[in-house]
1. Is at least one residue of the stretch 217-225 part of a helix (DSSP H, G or I), within 22 Å of the chain's Cα centre (by Cα) and modelled with pLDDT under 95?
2. Answer yes or no as to whether L44 is assigned to a strand (DSSP E or B), of a type in the set (A, V, I, L, M), surrounded by 19 or more Cβ atoms within 10 Å (Cβ to Cβ) and on the phi < 0 side of the Ramachandran plot.
3. Among the numbered conditions (1) part of a loop (DSSP other than H, G, I, E, B); (2) crowded, with 19+ Cβ neighbours inside 10 Å, tell me where Q71 comes up short.
4. Testing H29 on (1) more than 22 Å from Q117 (Cβ to Cβ); (2) part of a loop (DSSP other than H, G, I, E, B), one condition comes back false. Which one is that?
5. Considering only residues that are surrounded by 10 or more Cβ atoms within 10 Å (Cβ to Cβ), farther than 19 Å from K258 by Cα and not aliphatic (A, V, I, L, M), which ones fall in the stretch 309-325?
6. Within the stretch 134-162, how many residues are crowded, with 24+ Cβ neighbours inside 10 Å and under 18 Å from the mean Cα position of the chain (by Cα)?
7. Taking the stretch 201-215, which residues are acidic (D, E) and either closer than 14 Å to T289 by Cα or not in a loop (DSSP other than H, G, I, E, B) (or both)?
8. Would you pick out the residues in the stretch 278-309 that are closer than 20 Å to F204 by Cα and free of Cβ contacts under 8 Å to residues at least 40 places away in the same chain?
Amino acid sequence: MSAQYDQIPYRKCGNSGLYLPAMSLGLWHNFGGQQTPEKVDVMLIKAFEMGITHFDLANNYGPPPGSAEEQFGRALKTVFQGKRDELIISSKAGYGMWAGPYGDGGSRKYLISSCDQSLKRMGLEYVDIFYHHRPDYDTPLEESMRALEQIIRSGKALYAGISNYPADRAKEAIQMLKSWGVPIIIHQPMYSMFAREPEKEGVFDVLLEEGIGSIPFSPLAQGLLTNKYLHGIPENSRIADPDGFLQKDALNEATLQKIKDLNAIAESRGQSLAQLALVWVLRHPAVTTALIGISSIKQLEDNLAALDNLELTADEQNQIEQILS
């Protein structure tokens with residue numbers, strides 16, 4: 001086995017036979033058409049060399065939508081040529097992708113069409129995991145899950161996943177697919193120190209009960225759980241972008257104080273705040289792998305360095321709880 005696989009722990013995804021790296025790379029924001037192919041290739045190959053085998057995409061990742069899959073498809077023919085069987089590639093559909101009534105939601109029409117489009121953009125015969133990206137309450141759950149079943153049975157994906165599903169909807173979807181013999185193995189929720197709904201509202205309880213893995217996204221709360229905002233708002237940060245997902249009201253005085261207090265714990269451990277935040281997410285028994293986003297090799301290396309010390313003492317966990325409460 002290549003030495004690259006000794007650099008990172010791999011965790012079993014629920015009760016399945018699939019192992020995922022403790023950190024996976026998401027291609028949501030920095031791998032689209034606005035990024036140069038050269039920089040995309042450098043980041044992808046460095047991640048792979050450091051042991052990351054799982055690359056997470058969706059139909060609408062970019063910007064513009066679809067371009068992240070196009071970039072990744074190009075990389076599969078160049079820097080990843082001959083490496084397909086060493087990679088776990090996932091994609092999703094659920095949010096708006098094209099105009100008209102069939103380019104959004106959870107209908108059979110949309111999910112199967114979108115999967116076909118994603119495969120074409122990446123030049124693949126199949127993805128390893130295909131997710132319904134969000135629950136669609138305007139579509140019967142059985143219709144959405146039957147679409148995932150068809151995608152699996154047609155060989156377009158090896159495993160099914162769901163994302164952003166609350167506990168009750170997740171349980172129903174998982175049990176439905178299991179009853180049909182469809183291999184659903186993973187849920188992708190938002191989870192971080194500042195977004196604890198999966199553990200507070202029962203999602204993780206459902207996953208542990210059903211033997212399903214999870215891959216939390218935004219484990220750094222879109223950058224809040226880093227040292228970026230300790231001394232103000234940098235001009236090039238997400239929060240400085242008025243059209244971005246992270247708005248200035250997310251960084252109030254109370255939140256800033258929590259960031260500073262958490263950073264003090266991180267420093268006492270010899271880690272950055274981002275590394276502590278990743279360790280904290282990975283501590284949960286329902287979590288298989290943390291989904292990271294990067295814009296540079298340094299960011300990648302800093303995130304992966306969190307894996308050098310994954311143990312949180314009881315005292316550290318109590319301190320963190322006091323800060324977050």
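1. yes
2. no
3. Checking Q71 against (1) part of a loop (DSSP other than H, G, I, E, B); (2) crowded, with 19+ Cβ neighbours inside 10 Å, the one that fails is (1).
4. It is condition (1) that H29 fails.
5. N309, the sole residue that qualifies.
6. The total comes to 3.
7. The answer is D205, E209, E210.
8. V279, R283
The values are calculated or read from the model by the stated rules, or taken from the named source; none is laboratory data. Quick caveat: nothing in here was measured; it's all calculated off a predicted structure. No Cβ is skipped: glycine too gets one built from the backbone with ideal geometry, and neighbour counts run over all protein chains shown.
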